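Following: one structure in C-alpha cells, then a few remarks.
The values are calculated or read from the model by the stated rules, or taken from the named source; none is laboratory data. Nothing here was measured: the structure is a model prediction, and the numbers come from that model. Neighbour counts run over all protein chains shown; Cβ positions are idealised from the backbone, glycine included.
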Amino acid sequence: MKFVNNGVFGSKLINYLILINFLLIFPLLPVSLKISEGSKNLVNSKADWTLMVFVQANNSLKNFAQTNFAAMGAIGSSPDLNILVQCYFPQNDGVYRYKVEKNKMVLDSHIQEETDGTTSKDLVESFRWAVTKYPAKKYALILWNHGIGILDPVWGKINHWQSPQKFYIQEEMLAINPRIHINDLTVDSAITNTDQMLQIGDTAFTEEEIALLEKAIDSDCGVTEVLRGILFNEQSRTYMTNQAFTEALRQIKKTVLNGKKIDLLGMDACLMAMVEVGYQSREFADYLVASEESELAHGWDYESLCKMLSEKADPKMVACGIVANYELFYKNKINFYTLSAIDLSLMNEVKTCIDGVMRSLQECKNTDKAAIISSIKKARTTCQQFSAANYIDLHSFFVDFLNQINPLIASRTKQDIKPLTDLKIRLQKSISLLEQTIVANTSGKLLAKARGLSIYFPLHNIDRSYLQTEFCKNSDWTTMITELLPAVS
C-alpha cells in the first residue's frame, strides 16, 4: 500500500450510536433522518472545502445511503467546510438537496421537476448549486452509486445487463472467496443471502452492518445487490453514459468553475479506476479516487474524509487518506477490494507511454510476430484480472509482458535485438510512470497485483460502446486489441 501519511487518518468504524441520534425524520429513506429547513440566503464567506456528494440511490443501494450520511454528520459542516448532498431516492419526486450539519441534515431545497439524476445537466446543476451557494477555495465531487467502468451496457427489460461480454467473477476466485457476488454479473447466481456473500475475517462486520446488508436483498429478482457498480437509476432504468459524464465535467469547468479544475473527483462505485476514465477526466480534475474492482455497498469512510477536509488537508493528502482509511476498514473483513488515488495531471503522459509501447510492438512484430503475439497472450493470461473479465490491471500486464520479453532478448542475435530492446525500455518507462501516477493504492489478498489503474482488454470481442470513448479514439491501444481480436460485437 502506498500513501502519504499526514497524521490525520482515522480508522473506519461505523458509529451506530451516532446513527441513532442522527436519523430521526427523513421521508426519503427506509430509516428516517433528522431534517431542518435551511436558509435560502447565499453563504457569503468562502470555506476551505466544499464537498458535494451526488447520491443516486434510486436503486438497490438506498439502504446504505443513510449510513454514509450519518458518518458525514459525525463531523458536520463548519465555517471551513461545507458538506453537501444531492439525493435521488425511490418513490420520491424530484431531487433533494441538503447541507450536512453536526448530527443532522438541513434541507436546502427540493426540486420537483422531472429529473432522474442521470443526465449531464443534472450533475452540472447540482455542482452549480454547491459552488454558487457554498463557495470554497477547494472543491470535491463524489459520485455515489453504481457504475460499470468504461463500457456503457444495454439495460434490458428483464436482465439488468445485456452485453456480448459477460461480466463475471472467475470461478477459482469464487472458490477461494465464495461470499463475493455481483448481481447479474457473476458465474454464481445462486448466492442469495449475506451469510454466503461476505468474507468475514478477524474483525467481523457488526450485527447492525449485517442487518443493513440483508436489507439489500432484492425481492423482485431474488439475488443480492450489495456491490457498487456510475449513476444508475433503477426506477427509470437509465444511467449516465461516459460521454454524458465527460460533457458534465467539461461544463462544470467552463461554466461553473470559470476554467478551474475540480480539486478532487471521487467515484464511490465499482470498476471506475480505469485508464480510460482517468484520461477522459484529466482536463477537469486534479485527482481521481476510484476502485478497479467492485465495491461493497458500505463504500467509503466518510467520517474520516470529512475530518480531513475540516482540517484543511490539501487535495493529494485527502485523496491518499481516502485510500488509507478504506484499507483500514476492509483489510480484516474481505480479501477482495481495491481503491486508488490517481494524479490526473499525468494521464496524457500515460497515454503517450502506452502509444510508445504499441509502436514498439508493431516494430517487433515485423521481425518476430508469432513470438510477440504469444508473449502478449501469456501476459494477458497471467496479469491481474477483475470480476469484469475484460478489465485488467495495466501495471500488472506491463510487468508480466516485460517478463515475457526478457527471455526473447536473451535468445536473439545482436542484429535482431534492437526492436525488442526498445520495447523493453518503453515498458520499463511505462511501469515507472504508472507508479508515479498512482499516488495511493490498496488491494485485498486476492487482488495483490492490482496497482491502481485498469484498462479494457477484452477476451473475445470489442464492445461497440468502447469505440465511442475518448481514449479509444485518441490512443493506439485499440490497434493492438483489434489485431488480436478482429471481431467487433
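Can you tell me how many residues within segment 463-489 are part of a loop (DSSP other than H, G, I, E, B), over 19 Å from the mean Cα position of the chain (by Cα) and within 24 Å of residue 349 (Cβ to Cβ)?
Step one: of segment 463-489, the residues part of a loop (DSSP other than H, G, I, E, B) are 463, 469, 475-476, 485-487, 489.
Those left that are additionally over 19 Å from the mean Cα position of the chain (by Cα): 463, 475-476, 485-487, 489.
Restricting the remaining residues to those that are within 24 Å of residue 349 (Cβ to Cβ) gives 475-476.
Here the count works out to 2.
Which residues, counting only those in segment 325-349, are closer than 18 Å to residue 437 by Cβ and buried (at least 24 other Cβ atoms within 10 Å of the Cβ)? Step through it out loud before you land on a result.
Just the residues of segment 325-349 that are closer than 18 Å to residue 437 by Cβ, to begin with: 338-349.
If the condition is that a residue be closer than 18 Å to residue 437 by Cβ and buried (at least 24 other Cβ atoms within 10 Å of the Cβ), then 338, 339, 340, 341, 342 are the ones that fit.
Which residues, counting only those in segment 327-371, are out of contact with any Asp or Glu (no Cβ under 8 Å at 6 or more places or on another chain) and of a type in the set (Ser, Thr, Tyr)?
330, 352
Of the residues in segment 232-258, how many are of a type in the set (Lys, Arg) and at pLDDT below 80? Let's see the steps before the verdict.
Within segment 232-258, the first condition is being of a type in the set (Lys, Arg), and the residues that meet it are 237, 250, 253-254.
Subsequent filtering for residues that are at pLDDT below 80 retains 237.
Residues that pass the stated criteria total 1.
Which ones in segment 379-405 are assigned to a helix (DSSP H, G or I) and touching a Ser or Thr at 6+ places or on another chain (Cβ under 8 Å)?
Of all residues in segment 379-405, those assigned to a helix (DSSP H, G or I) come to 379-382, 394-405.
Of everything in segment 379-405, those that are assigned to a helix (DSSP H, G or I) and touching a Ser or Thr at 6+ places or on another chain (Cβ under 8 Å) turn out to be 394, 398, 400, 401, 404, 405.
Identify, please: which residue in segment 351-378 is in contact with a helix residue (DSSP H, G or I) (Cβ under 7 Å, 6 or more places away or on another chain), surrounded by fewer than 20 Cβ atoms within 10 Å (Cβ to Cβ) and of a type in the set (Gly, Ala, Ser) and is, among those, nearest to residue 424 (Cα to Cα)?
Applying the filter and picking the extreme gives 356.
Out of the residues in segment 412-462 that are assigned to a strand (DSSP E or B) and of a type in the set (Gly, Ala, Ser), which is nearest to residue 337 (Cα to Cα)? So that I can check it myself, show each step before the final result.
Pass one, segment 412-462, residues assigned to a strand (DSSP E or B): 438-443, 454-456, 462.
After this cut, where a residue has to be of a type in the set (Gly, Ala, Ser) as well, the list is 440, 443, 454.
Numbers: 440: 14, 443: 5, 454: 14 Å.
Ranking the qualifying residues of segment 412-462, first place goes to 443.
Which residue is surrounded by the most Cβ atoms within 10 Å (Cβ to Cβ), if the candidates are limited to segment 418-444 and must be closer than 19 Å to residue 270 by Cβ and not hydrophobic (A, V, I, L, M, F, W, C)? Don't jump to the end; show me each part of the working.
Applying the first criterion (closer than 19 Å to residue 270 by Cβ) to segment 418-444 yields 438, 440-444.
Now narrow it down to the ones that are not hydrophobic (A, V, I, L, M, F, W, C): 441-444.
Numbers: 441: 24, 442: 24, 443: 26, 444: 20.
The residue in question is 443.
Answer yes if at least one residue in segment 307-322 is closer than 22 Å to residue 67 by Cβ, surrounded by fewer than 24 Cβ atoms within 10 Å (Cβ to Cβ) and either touching a Gly at 6+ places or on another chain (Cβ under 8 Å) or at pLDDT below 95 (or both), and no otherwise.
Yes, because at least one residue in segment 307-322 is closer than 22 Å to residue 67 by Cβ, surrounded by fewer than 24 Cβ atoms within 10 Å (Cβ to Cβ) and either touching a Gly at 6+ places or on another chain (Cβ under 8 Å) or at pLDDT below 95 (or both).
Would you please name the residue that is surrounded by the fewest Cβ atoms within 10 Å (Cβ to Cβ), looking only at residues in segment 446-484 that are more than 15 Å from residue 391 (Cα to Cα) and out of contact with any helix residue (DSSP H, G or I) (no Cβ under 9 Å at 6 or more places or on another chain)?
Within segment 446-484, the match that is surrounded by the fewest Cβ atoms within 10 Å (Cβ to Cβ) is 448.
Among the residues of segment 249-279, how many are in a helix (DSSP H, G or I) and surrounded by fewer than 23 Cβ atoms within 10 Å (Cβ to Cβ)? Talk me through it step by step, then tell me what you get.
First, pick out the residues of segment 249-279 that are in a helix (DSSP H, G or I): 249-256, 275-279.
Then keep just the ones that are surrounded by fewer than 23 Cβ atoms within 10 Å (Cβ to Cβ); that gives 250-251, 253-256.
Qualifying residue count, segment 249-279: 6.
Can you name every one of the strands (runs of 3 or more DSSP E) wholly within segment 52-156 that holds 2 or more residues which are at pLDDT 95 or above, of a type in the set (Asp, Glu) and in contact with a His (Cβ under 6 Å, 6 or more places away or on another chain)? Reasoning before the result, please.
Details: elements: 81-88, 95-101, 104-111, 136-144.
Counting at least 2 such residues, we get no strands (runs of 3 or more DSSP E) at all.
Can residue 369 be described as part of a helix (DSSP H, G or I), of a type in the set (Lys, Arg), under 22 Å from residue 419 (Cβ atoms) and at pLDDT below 90?
On the way: part of a helix (DSSP H, G or I): yes; of a type in the set (Lys, Arg): yes; under 22 Å from residue 419 (Cβ atoms): yes; at pLDDT below 90: yes.
The answer is yes for residue 369.
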